[in-house]
Structures are given as structure tokens and as C-alpha cells.
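Notes follow the structure.
The values are calculated or read from the model by the stated rules, or taken from the named source; none is laboratory data. These figures come from a predicted structure and were not determined experimentally. Cβ: placed from backbone, ideal geometry, glycine included. Neighbour counts: every protein chain shown.
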């Protein structure tokens, strides 16, 4: 059956990662349903969180807030999602579904909170909105993360290559996809968190450059890694990599950057952080017999990180852009796919990945658009 003859749906996915640096949105055309679907990324964009970012970071850092403040954060974030989705020029298109991840402000399984009020989104676009993707897995004893492996399977599987999809976000997480032609490939999909990533790099930039991130990795490229501090940070990262759990609140390692900001030059500290992080990631990947490493996420914009991973990994390293998926769009696209799976009654997590009870539960909280009240004739 050709793609054109399959059932088609237009879906939107929105992601706000733990780096708290913006909202990424993707418009995806879905052909077919369930795990047999094919997808096409039609458009994507990113939008700054503006002043809300500082308040969300305060919440994520555990600073005291009252119920009113949390409610306002959730509402404003929902309203900002409306603006971000409008940038995709979806008006006039028949959108079937919107899926939003929300902002993770706390994650220590079995408790995890992806903050957002999805009601403004459902009201503005008059379509169902799916959110709270992690809660069903957590309730079933899972870690609630990683949740993207099945979406990565749909987007990036290959008949002959064993691929690693590496998300360079606030935390680095990895999906390992088996060759799709092998027997029972879904049972062979792996997924795991590795270590803090952009959390550390961005803290160096905020502390020493007074910038939200090291633009293009220019500071790291201009610096020289300090071997002693590289080993110190790497030892902390390896503890995370070997912990076999999802990473979240308290794992950011931002204190490391602040503790050493007066010891070495800013460029050298940035280079040191990149060196330690890339060594930790590449050592993990090199144990997995990968044919191809596909990089995505905000860290792809850091040329120093991409260069070092390319040098350290045994497999060939490319960015997801080479496969038609912009590195900044990969997570939002994955969220869109996960929403479709939820709508089709398919569990989005894998027991061998999250540790949830098998069979994995169907996830997602639905927010339905308002429909006109039907007037009944009185008899």
C-alpha cells in the first residue's frame, strides 16, 4: 500500500526540555496507524520562553512557591504553547491532534511533574490535546523515561544498521535501535539516560559568560581542557551512566561548574566540560556495537561537542539533519508520534527500557475542546 493511500493525520508535537531554553514544536503528517505508521516532518520552529524561563528554573530548582504561583506558571506555559504552535502556520489546516510534553520541574520516580495547563491549547485550536505522557508508566512501576524509543523506532529504523539516537539535551539519553529485519526487533530496542549534558555546559555559560549557552561551542573550541578537572567531572558523570536509572531533579551537576568557575579560564572550563561529557557518552556507546550514531538535541549546535563525539565514537557519527529531521525538531516530532500511538491505543513505553510492569500501560491525559451544547426540545 502506498503512503498516499494510507489513512493520513496531521499532528503537532511540542517539547520543553529540562534545559528550560524554549519550546520546540513540530508539524507531522502521519500515514497509517499504530506501530505500522510512517511519518513526514512538515515544519518545525522554536520559541523562547522569555521571562517565564527564570520562573520555571526556580521551580525546577526547588525554590519555595505557593499554589497560585504554580497555577500561573502552568497557565502561562499553556498560553505560550499556543503562540509557538501558531508559528507553524497551522491555521487553515485540519489538525487532528496536539501532544504536549510540558515542563519537567521535578523527576524522582515514582514522582514526576510535567507542568502545563493544556486547556488554552485545546480551546484555541479546537482539537484534542494529549499531555502527561509519563504518569501511566510511573504508576506501573516504571521510571517514566526514556519515553522516545518507540517514536525513534518509527522515525529512524533501518533494515541493515544498528543505530544509536543520541539526544544531547539537559541530560543525554540514548535509544539503540536494532536492525529492523531481525526477528522481534521491538524486544531488542534499548533506551537509557547517560549523564548530565547541557545542564553543565549551560551553567558554565551562565556563570562565566553571562549567556544562556555557549553559542556554537565557541568558548569550548577556544579553550584547552584541564585534565584534572576533566577526570573529576567524568567520575561524577560515570556514576550517573552506571546507575541504570532515569536522571532528573538533583542530577544536573550545575554545582560542579560553579565550584570551579574561579580556578580556570572560562574557555578552558567550557572545554573541560565538553571533554568529560563526550568521553562519558562515547564510552557508553562504544560498548554497544553500533553501526551509526545519530545526534539530535540542542547540543548539536555546540560544534566542540559534535567534533569530539565524532572523534571518540567507534561508529560513524551524523546529525539527524542528514536524515531529514532537524536536530532541534527531533524531540517535538517524537512527542507528536507518541500522541498518535496513545490515540491508537498503543503503549508508548517499553518494559525493558523503563522497567514498568509488562504489558506497558496506554498513556496520556486527554483535554478535549469545548463543543456546542445540544439544545433538547422540551416535551
So in region 133-152, with the set limited to residues that are assigned to a loop (DSSP other than H, G, I, E, B) and within 14 Å of the chain's Cα centre (by Cα), which one is nearest to residue 97 (Cα to Cα)? 133
Name the residue that is modelled with the lowest pLDDT, counting only residues in region 187-210 that are closer than 18 Å to residue 259 by Cα and not in a helix (DSSP H, G or I). 210
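Yes/no per residue for (1) outside the structural domain of residue 297 (by TED's automatic domain parsing); (2) touching a helix residue (DSSP H, G or I) at 6+ places or on another chain (Cβ under 7 Å); (3) free of Cβ contacts under 8 Å to residues at least 12 places away in the same chain:
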{"position": "165", "(1), (2), (3)": "no, yes, no"}
{"position": "172", "(1), (2), (3)": "no, yes, no"}
{"position": "176", "(1), (2), (3)": "no, no, no"}
{"position": "184", "(1), (2), (3)": "no, no, yes"}
{"position": "193", "(1), (2), (3)": "no, no, no"}
{"position": "250", "(1), (2), (3)": "no, no, no"}
Taking region 91-124 and the residues there that are in contact with a helix residue (DSSP H, G or I) (Cβ under 7 Å, 6 or more places away or on another chain) and part of a helix (DSSP H, G or I), the one that is farthest from residue 147 (Cα to Cα) would be 124
Helices (runs of 4 or more DSSP H) contained in region 235-326 and holding at least 2 residues closer than 19 Å to residue 193 by Cα and at pLDDT 95 or above: 266-285, 303-312
Condition met for residue 49 (part of a loop (DSSP other than H, G, I, E, B), surrounded by 17 or more Cβ atoms within 10 Å (Cβ to Cβ) and either in contact (Cβ under 8 Å) with a residue 24 or more places away in the chain or not assigned by TED's automatic domain parsing to the domain that holds residue 199 (or both)): yes
Residue check, residue 332 against (1) touching a helix residue (DSSP H, G or I) at 6+ places or on another chain (Cβ under 9 Å); (2) assigned to a helix (DSSP H, G or I), all met but one. Which one? (1)
Taking region 142-161 on its own, how many of its residues are more than 23 Å from residue 28 (Cα to Cα) and touching a helix residue (DSSP H, G or I) at 6+ places or on another chain (Cβ under 9 Å)? 3
Determine, yes or no, whether residue 155 is within 15 Å of the chain's Cα centre (by Cα), within 19 Å of residue 361 (Cα to Cα) and part of a helix (DSSP H, G or I). no
